[in-house]
Amino acid sequence: MLVNLSEPMPGVRLLTLNRPEKLNTLNRDFVEEFKAALAVVRVDRNCRVVVLTGAGRAFCAGIDLGGYGDEDQIGEPSPINYLVRQESIADLFVQLHELEVPVIAAINGAAAGAGLAFACASDIRIAAKSSIFAASFIRAGYSGCDVGVSWLLPRIVGAGRAHELMLTGRRCGTEEALRIGLVTAIVEPDQLLSAAYSKAAEIMLNPPFSVQLTKEGMWHAVESTDMRSTVAFENRQQVLTALTQDCDEAQRAFLSKRAPVYTFR
């Protein structure tokens, strides 16, 4: 399996990119397996948080420049054939970003090119000290604007920093990544997954529907250019969550100083 799906704790699904001998670089089979794993997660009503990490010494080092594995389908190089490949790859990042549940990227090494895109498509990013980040598309001869990075990275670190990283393709270490807001925490490599699970547990203290609508609303607010429409969206969310049984349970648990028990109702 090139992408492993497991359940390390109740409510959490661990997606492990599992092509360590190739630094978890993308090829056709990898992309299709990743999409299949996301399809399983989407219909899993017991999944509250996804943790995404890589096997071996890299998170994901980009696309496999040694061969993507669809040359038999691409045939003679042409813009049309390459566009089909590009759209298939880009759709993976859209699917990851649009999961209803929060995604925590547990970045265990190089997050370059597509790996940076995976990190940006996540909602929270925690990095091991050994990690590095690079918008390396441009270093391989392609545009620095790829698979959603030109949209996501400026919204995470600001346009000025994002543009410099995209135009140079240079490496960014974990200390710089923390300073510019690309990651929220740096931990020792052997503490990475436990840190991600702890953050997942914090999220799961909140009602599932409230978390789902918060993820939807916070990204809507980032995308919106109009404050009034954003506030109207917030108002809708507050009314919907206020009328759930889990909202009552959250308040009772808070007042009783006990752990909540949610039923997604």
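The values are calculated or read from the model by the stated rules, or taken from the named source; none is laboratory data. Quick caveat: nothing in here was measured; it's all calculated off a predicted structure. All Cβ positions, even for glycine, are placed from backbone atoms using ideal geometry, and neighbour counts span all protein chains on display.
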> From the set of residues in region 1-53 that are among the acidic types (D, E) and assigned to a helix (DSSP H, G or I), which is nearest to S198 (Cα to Cα)?
Replying inline: E33
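Okay, residues lined up against (1) of a type in the set (V, I, T); (2) under 28 Å from A121 (Cα atoms); (3) not assigned by TED's automatic domain parsing to the domain that holds I104:
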{"residue": "R179", "(1), (2), (3)": "no, yes, no"}
{"residue": "T184", "(1), (2), (3)": "yes, yes, no"}
{"residue": "L192", "(1), (2), (3)": "no, yes, no"}
{"residue": "Q245", "(1), (2), (3)": "no, no, yes"}
{"residue": "Q251", "(1), (2), (3)": "no, no, yes"}
{"residue": "V261", "(1), (2), (3)": "yes, no, yes"}
{"residue": "F264", "(1), (2), (3)": "no, yes, yes"}
>> Checking the conditions here, which among A127, A111, A106, A119 is in a helix (DSSP H, G or I), crowded, with 18+ Cβ neighbours inside 10 Å and among the aliphatic types (A, V, I, L, M)?
In response: A119
> Considering G173, G169, G141, which residue is out of contact with any strand residue (DSSP E or B) (no Cβ under 8 Å at 6 or more places or on another chain) and either assigned by TED's automatic domain parsing to the domain that holds G115 or in contact (Cβ under 8 Å) with a residue 40 or more places away in the chain (or both)?
Replying inline: G141
>> For the list (1) surrounded by fewer than 13 Cβ atoms within 10 Å (Cβ to Cβ); (2) more than 25 Å from V49 (Cβ to Cβ), I need the number of the one condition that D190 fails.
In response: (2)
>> Restricting to region 58-116, name every residue that is of a type in the set (V, I, T) and modelled with pLDDT of 85 or more.
In response: I63, I89, V94, V101, V103, I104, I107
>> I'd like the residue in region 216-242 that is in a helix (DSSP H, G or I) and of a type in the set (D, E) and, out of all such residues, is farthest from the chain's Cα centre (by Cα).
In response: E234
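Would you say P208 is touching a helix residue (DSSP H, G or I) at 6+ places or on another chain (Cβ under 9 Å), touching a residue at least 60 places away in the same chain (Cβ under 8 Å), under 30 Å from E7 (Cβ atoms) and not aliphatic (A, V, I, L, M)? Spell out how you get there, then give the answer.
Numbers: touching a helix residue (DSSP H, G or I) at 6+ places or on another chain (Cβ under 9 Å): yes; touching a residue at least 60 places away in the same chain (Cβ under 8 Å): yes; under 30 Å from E7 (Cβ atoms): yes; not aliphatic (A, V, I, L, M): yes.
Yes: the conditions hold for P208.
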> Of the residues N81, N24, N46, which single one is touching a strand residue (DSSP E or B) at 6+ places or on another chain (Cβ under 7 Å) and either not assigned by TED's automatic domain parsing to the domain that holds V222 or not aliphatic (A, V, I, L, M) (or both)?
Replying inline: N24
